[in-house]
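What follows is a single structure, written as structure tokens, with notes after it.
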Amino acid sequence: MRPPKRPGIVRRGASLCAAILLLIVLAIGLGTLVPRPFPSGDTQRAEGERRRILVLSNPIHTDIALPADSDVLSAFGFVSAGGLDLDFPGVEWIVFGWGGRSFYLETRTWDDLKFGPVFAALTVDQSVMHVERAGAISEDRPSVQAIDLSPEEFRKLVAGIAATFQKSPDGMASAIEGAAYHEHDAFFPANGTFNAFLGCNIWTAARLRDAGLTTGTWTPLPVFLDWSLSLHNEGSGQADK
């Protein structure tokens, strides 16, 4: 005799899955809608000189591109001394991204996807900074968001990015040997631990807040960071698509 079916267990399992999915959607929605930092007083910025930066995105990752101007080259002189010369012919932008060491270094393309790096990304992984030399970048692409900052905001952004690198007591940093994707990039050990819930896009948002922008409280994917930048900075001149 077959045991009786237990539809109640199936229903409870389906309800649990639906509840978990609803909580995830709610967390992402609130993470995008609730601003960080929360507005307090006048947020209008003074008019004047502006420095343009770019936020570059793909479906899961964001980078920040800084113009390869003399002050940027000087601020990141430790990168040039540590293995990637930034004062290079044809370079117009220096691109910075933060991420998990295992996933970043072992997953150059989707064909390289393996269980180990994915497990590390979902739990706790060491972090690295990826630095890349780039030529001209078209701002017309939907994956590129241009943002204009005041000189002081720009300086704070540069300082926040620089502080992410692990440095020796004398302020130097060394590229991870054999970890580059090509001749125009390098990886450096970084401060902080990585997991997918507090990952690269959370780092990008934090650095933009260093520069005075408002982002969503939790933006785990580029699309949510992009939406929050447009939502919370619209009309202030802080984020121009």
**Prompt:** Counting only residues that are of a type in the set (Lys, Arg), farther than 26 Å from residue 227 by Cβ and at pLDDT 70 or above, how many does the range 113-144 have?
**Reply:** 1
**Message:** Quick test for you: out of 39, 59, pick the one residue that is under 20 Å from the mean Cα position of the chain (by Cα), exposed (fewer than 10 other Cβ atoms within 10 Å of the Cβ), modelled with pLDDT of 55 or more and outside any helix (DSSP H, G or I).
**Reply:** 59
**Item:** residue 70 more than 22 Å from the chain's Cα centre (by Cα) and modelled with pLDDT of 95 or more
**Value:** yes
**Message:** Anything in the range 153-178 that is over 22 Å from residue 56 (Cα atoms) and surrounded by 15 or more Cβ atoms within 10 Å (Cβ to Cβ)? List them, or say none.
**Reply:** 166, 167, 173, 174, 175, 176
**Request:** Take the range 145-204 and flag every residue that is among the acidic types (Asp, Glu) and either closer than 29 Å to residue 224 by Cβ or in contact with a helix residue (DSSP H, G or I) (Cβ under 9 Å, 6 or more places away or on another chain) (or both).
**Result:** 148, 152, 153, 185
**Prompt:** Does residue 101 qualify as being among the charged types (D, E, K, R), closer than 28 Å to residue 77 by Cβ and modelled with pLDDT of 95 or more?
**Reply:** no
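The values are calculated or read from the model by the stated rules, or taken from the named source; none is laboratory data. Just so we're clear, the structure is a prediction, and the values are computed from it rather than from any experiment. With ideal geometry, Cβ positions are generated from the backbone for all residues, glycine too; neighbour counts draw on all protein chains shown.
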